[in-house]
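Step one of this worksheet: look at the structure below.
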Amino acid sequence: MDSVSIRAEPFDPNREVDLLRGSDPSTGAVVTFIGLMRDINEGDRVERLYLEHYPGMTERALQEIVDEANSRWDIQDCRVVHRVGTLLPTDPIVLVAVASRHRKEAFRACEFIIDYLKTKAPFWKKETTAEGERWVDARESDDTATLAWEKSDA
């Protein structure tokens, strides 16, 4: 199973986690993060979100993030699934799932992956609101989270 998947079609987070878990009896923890499309941003109602990416480049960037997590923590497997195209409120946008023998490793790796994904993966978001379309800028809090990992050994 590939550890990174970019898809235009909807995905089932539970199915993806089941595929990750497999039947390895040494797995003691699976930690997941599921990012959902919200219907509000910056105080405005959001009707839909359009996500663009560079095919090939995006997958490589995500794989580099997963590889970095593997080098920092003792994890068994990881799965990152990210949507592109048009999404509606409540649609899953991203899944990060990490399997390991122990929970601490899985929690840290999952948090690291989503923090880095938010700032290092080449995705562009355009929201549609009642006032029209607008591109979404990166959040300062995401940059701060990534910077904290760069200063940390764990």
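Laboratory data are not the source of any read-out in this text; all were calculated from the coordinates shown. Computed from a predicted model, the values in this text were never measured in an experiment. Positions of Cβ are backbone-derived with ideal geometry, glycine not excepted, and every protein chain shown enters the neighbour counts.
Tabulated data for the structure shown
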{"item": "Average Cα contact separation per residue, the chain, under 8 Å, 6 or more apart, as relative contact order %", "result": "32"}
{"item": "Cross-link partners of Lys126 among lysines (Cα-Cα below 22 Å; sequence separation of 8 or more within a chain)", "result": "Lys118"}
{"item": "Reported label for calculated Rg and Dmax of the Cα atoms in Å given [x] 17.3, 55; [y] 15.8, 53; [z] 21.0, 73", "result": "[y]"}
{"item": "12 Å Cα-Cα reach of Lys104 towards aspartates and glutamates, excluding residues that sit fewer than 8 places from it in its own chain", "result": "Asp74"}
{"item": "Dipole magnitude (debye, nearest 20) for the chain, charges at Cβ of Lys, Arg, Asp, Glu", "result": "280"}
{"item": "Spin-label pair Asn14/Ile40, simplified geometry with 7 Å Cα→Cβ offset, distance in nm", "result": "2.8"}
{"item": "Normalised convex hull volume, segment 80-122, alpha-carbon set, Å³ per residue", "result": "80"}
{"item": "Sequence-distant aspartates and glutamates (8 or more away, or on other chains) whose Cα lies within less than 16 Å of Lys120", "result": "Glu52, Glu59, Glu64, Asp67, Glu68, Glu111, Asp137, Glu140, Asp142, Asp143, Glu150"}
